[in-house]
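Read-outs: derived from the displayed coordinates by stated rules, not from any lab. Since we're looking at a predicted model, the values are computed, not measured. Cβ coordinates were reconstructed from backbone atoms using ideal geometry, including for glycine residues, and neighbour counts include every protein chain displayed.
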Amino acid sequence: MTTPLGSFPGGLVLDGQKKRSTYDAIRKTPLSKKLILPLQQHIGEASEPIVQVGDKVLKGQKIARADGHVSVYLHAPSSGTVTAIDEQPIPHPSGLSAPCITIETDGEDRWVDLEETPDFTTLSEHEIRHRIREAGIVGLGGAGFPSFIKLNPGVHHTVETLIINGVECEPYITCDDMIMRERAEGILDGIEIMRYALRVNKCIIAIEDNKPEAISAMELALARRTELHDTNIVAIPTRYPTGSEKQLIQVVTGKQVPSNGLPIDIGIVCHNVGTSYAIGRAITHGEPLISRIVTVTGIDVTHAGNFETLFGTPMHELLSFCETRREANEPFILGGPMMGYNLSGDHLPVTKTANCILVGVDNAAPKTDPLPCIRCGECATACPVSLLPQQLYWYSRSKELEKTREYNLFDCIECGCCSYVCPSKIPLVHYFRFAKTETMNQELETQKADNARIRHENRLERHEAEKKEKEERQRQRKLALAATKAAKEKEAAEKAKTADPQPDSQEQ
Amino acid sequence: MLTAILAITIMALIFGLLLGYASIRFKVEGDPIADQIDKLLPQTQCGQCSFPGCRPYAEAMAAGEADINRCPPGGETTIQALADLLEVEVKPLDDECGVEKAKTLAVIVEDRCIGCTLCIQACPVDAILGAAKQMHTVIADECTGCELCVPPCPVDCIDMVETKLNPNTWRWPDPSHVDLTLEDQS
Amino acid sequence: MPLSRLSSPFLSGTSRVTLHMLQLLLALVPAVIALVYFFGPSVLITMTLAVVVALLAEALMLKLRGRPLKPFLTDGSAIVTAVLLAIALPPLAPWWLTVVGILFAIIFAKHLYGGLGYNPFNPAMVAYVLLLISFPLEMTTWLPVASLSEHPLDFAGAFHVIFNGQLVSGLSFDTVSGATPLDAMKTQIGLLQHPSYIAQQPLFGLFAGKGWEWINIWLALGGAFLIARRVISWHIPVAMLLGLTTISLITWLIAPETTGSPLFHLLSGGTMLGAFFIATDPVTAATTIKGRIVFGAGVGLLTYIIRVWGGYPDGVAFAVLLMNMLVPLIDYYTQPKVYGG
């Protein structure tokens, strides 16, 4: 095991609440009658359906293809019939709907033919990336960024370190913990493939020190795999938000990712342990991404635990499987208590980014209105990115969006440390999210308005030019007309001269 | 007493001269107020304000000849922004100019289009693609929702369709609009 | 919709404004006991009066501004302002002095700027300065320490003085009142006495003014408690005390006849009150770490400058207000470096 090289300022030590959901092994959620699959379960462009209503599909069959570069494929999680391709409510803070493919399962769970590749070295790096894209694999840590893109060093970069993120710093979430305990071998399979694709040797697996079982499981698996060189496990001191990519890089390597830059700019690539496992399954066994481990936990859940759930499974089925009594006024969150969002109902489907369903939180934030900011500065002390949340708050509140950019609003990772420590209980992260979407919206509107103005001005210019041209042509025509008239008159005059010679000869 | 009055008067004259000089020497060229106002307007170029476009309306407001509440597409947000900029009272939207509606885009119903180009000529931002006797279509990204194309169409084939909110364009609500009485939601 | 349910985080820590203020009041208790011991119970009367008037004024202003009463009356900030002002005022302060001061603090220095969190100047200090400039006689009439006084005040006597403006025994103020050690040091240095000689007088104790040194020590201990409890951060007090010590040390080494010793300055007047309780007021102090150090150092330096070369015996109030004015500038230039920047 190696030791971490750095740390970040601020952060919080939170009550992990992990024990609730780690008593039992990972269980499989029973198959649902209906699976609702949003076409966009990843960052980037939504996938485009390649099936139609009424089509019969097999388990693992492609039902939507990637559209554009930052996109991946979508697969049927079980065999059945496509019954609808329409707008359905999706898990999102807005509670809005988006295009989804609905499949009614036939209960047979028949797989499509899979292409197994026991030795991934027979494939080129490019081929591996392509297969990962086709397998629909996205970052399973919660963000959902298409993984194949993060496995491409490109021509300008060399990757020096691959960091595998097994930190899982948010309270209540334990899916990564369980996958490390039970499927360590699978994770290492994925690591081998990723190293190959990235042409990197050094690999660090970062695990928080509140997961001793996971650490020993991974160490055991690593010890058995003698051909995996230069791969080490680092036990990170438990502190929130170490699991955030930029903060993790700072802790493990001591380096900072430049602002407006990516980790690959400093030669580092990070992937989640779940993603790693999925990559292993996809390349070695040909299995596309059709399920994930979801933690269902919270004070209202009787049998909390981790469940391997097919995508599209309506959440209420998962909740009743765990015997949950949902209270009306308590948080019902997708994700963790620090960065998750409230769900509008439990009929929503489980998606690729659903790492945890949290029903009821211990020590939930009070529902009182906030007091004014007393400028105590605790928020700045807690911020892991060294921002000034106080200033961001004042400017977000007064909608001075220019100033929020000056204070690096978009560097905020929305971790919630500032809101947590605020003595006035001001919902700081909400203000920052508001300011961010307002800024983005404003930029869009300004761009549209500028476009409209330019088009309008061009149109006016064009009309002016056409008018001038018309006038010019008219003038030319008038001149031409006048010229021909003059020429005609001249001709007529000459004709008159030559046609009547008598008066002239008589005089002679 | 007299010396005091004299001293103050002379100081007032000196400072007045200084201010006058500064106002001439440091005068800002152009009419930046009209530019600032124009930046706040939505550039729909619809003419509902009774001016032939957003720029003429902005200039009229800068000259004090037009009120700030004449822009329906801008709605309350624009009126508020104009009130803040010009430091005047916020007024409700002038009814005779129109009503504030949700943003709509023009869509041509292709079954009915006869290819007469009247709508193309009417559009202030050239957002309609087409030619004589050819199918016309609205370029959705460029359409500002001004509705100037609707009256000229002889076959009434242009519909104004509301833009739907989708998760990618959704915005977080303003947290400072807090009701100080608590409500609970299930 | 309750805000806390609209956006994450859904957890929050135990830090609360009211808790903050209560711990501050707790830290002041030993010093108040010392004050009563040395100067009689009048400070308690002044404090009670100030707290009552402060809460009434706050309630009135909240009503006028259309704000809810309960959350703001229970946040404890008005009480803290009242208590700090009462400690700063002289023991013979008549009731109207306290009332005018606290009303000005709450109404003008706090609510007219927008209430809790919006005031740029420390309300207790604004009130103190207003009173000092408007009523210099009442504000500089101090009692000598009880042990030195021929007519120490008891509770009834104090009550009588504060509300009736006369001493029970019918004696005039001149016979009972005396200068503070800072005042004495300043005037006598002006009369070309040597500070070490001045320090021998009965008015002075071990390091600084008799009684005053104890009060300052208790205040410093209370401040240490606050730092340990993370109610305030150590940057401002340490910077202020270091600033004060540095400049007084340098001056004392160069020209010891012009000033009291650094220890004298540290334990006299409002130094410790200012360092731990007044300059650390989060609303009016700088917010960045480097900014706080600059702010604290500035307060320390200005306090000394006003004390020794200015027109008033104690400069803490003015120093704090002057630095309050500079806070936006300080904050602007001391931003920390963002991750990746």
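What to note about this one:
- Couplings for region A:21-34, taken from phi via the Karplus curve 6.51 cos²θ - 1.76 cosθ + 1.60 with θ = phi - 60°, read 10, 10, 5, 9, 6, 5, 10, 8, 6, x, 5, 8, 6, 10 Hz in order; Gly and Pro are left as x.
- Ranking of A:Cys356, B:Cys157 by count of other Cβ atoms within 10 Å, fewest first: B:Cys157, A:Cys356
- Taking every DSSP beta bridge that has both ends in the protein assembly as shown, the antiparallel portion is near 65%.
- Between the helical axis of A:428-499 and the longest alpha-carbon principal axis of chain A there is an angle of about 10 degrees.
- For chain C, the number of Lys pairs with C-alpha atoms closer than 19 Å, counting only pairs eight or more positions apart or on separate chains, is 4.
- Residue order, fewest to most surrounding Cβ atoms within 10 angstrom, among C:Leu85, C:Leu25, A:Leu35: C:Leu25, A:Leu35, C:Leu85
- Its relative contact order, with pairs defined as Cα atoms under 8 Å and 6+ residues apart, puts region A:279-365 at 34 percent.
- Between 0 and 90°, nearest 10: helix C:42-64 axis offset from chain C longest Cα axis: 30
- Neighbour net charge for A:Thr309 - beta-carbon separation under 13 angstrom, K R +1, D E -1: +2
- Over chain C, Cα pairs under 8 Å with separation of 6+ residues give a relative contact order of 18 percent.
- Axial C-alpha extent at least 27 Å, average Kyte-Doolittle at least 0.5 - helices from chain B (DSSP): B:2-25
- Inter-chain Cβ neighbour average for residues B:51-61, partner chain, 10 Å: 1
- Average beta carbon contacts from partner chains per residue of A:425-432, 10 Å cutoff: 6
- Spatial separation of Cα centroids for region C:6-70 and region C:266-341, in angstrom: 22
- Cβ-defined net charge surrounding A:Leu35, 12 Å radius [Lys, Arg +1; Asp, Glu -1]: -1
- Adding -39500 (n - 2.57) for every DSSP H run of four residues or longer, then dividing by how many residues chain B holds, sets the calculated 222 nm ellipticity at -10000 deg cm²/dmol.
- Taking label points 7 Å from Cα along the Cα-to-Cβ direction, C:Leu249 and C:Tyr333 give a separation of 2.5 nm.
- For A:Arg326, C:Arg16, A:Arg224, order by how many other beta-carbon atoms lie within 10 Å, fewest first: A:Arg224, A:Arg326, C:Arg16
- Computed [θ] at 222 nm, deg cm²/dmol, chain C (DSSP H ≥ 4; -39,500 (n - 2.57); rounded to nearest 500): -18000 deg cm²/dmol
- Couplings 3J(HN,Hα) of region C:72-89, computed from phi: 7, 6, 8, 7, x, 6, 5, 5, 5, 4, 4, 5, 5, 5, 4, 5, 6, 6 Hz, in residue order, whole Hz [Karplus 6.51 cos²θ - 1.76 cosθ + 1.60, θ = phi - 60°; x for Gly and Pro].
- For chain A, adding -39500 (n - 2.57) for each run of n ≥ 4 DSSP H residues and dividing by the number of residues yields -11000 deg cm²/dmol at 222 nm.
- Gaussian network model of chain C, Cα within-10 Å springs - most flexible of C:Ile254, C:Ile289, C:Ile189: C:Ile254
- Measuring between alpha carbons in the structure, the pairs from A:Lys150/A:Lys202; A:Lys399/A:Lys436; A:Lys448/B:Lys103; A:Lys19/A:Lys246 lying more than 19 angstrom apart are A:Lys19/A:Lys246.
- Applied to region A:99-111, the Karplus parametrisation 6.51 cos²θ - 1.76 cosθ + 1.60 on θ = phi - 60° returns per-residue 3J(HN,Hα) values of x, 9, 9, 9, 10, 9, 7, 9, x, 8, 6, 7, 7 Hz, with x for Gly and Pro.
- Considering only alpha-carbon pairs that sit under 8 angstrom and 6 or more positions apart, the relative contact order computed for chain B is 16 percent.
- Measuring r between the beta carbons of A:Ala84 and B:Glu110 and using R0 = 25 Å, the FRET efficiency lands at 0.40.
- Net charge over other residues, Cβ less than 9 angstrom from the Cβ of A:Ala197 (K, R count +1; D, E count -1): +2
- Remark: mean inter-chain Cβ contacts per residue of A:269-281 equal 0, using a 10 Å Cβ-Cβ cutoff to other protein chain atoms.
- Between the Cα long axis of helix A:273-285 and the first principal axis of chain A there is an angle of about 80°, rounded to the nearest 10.
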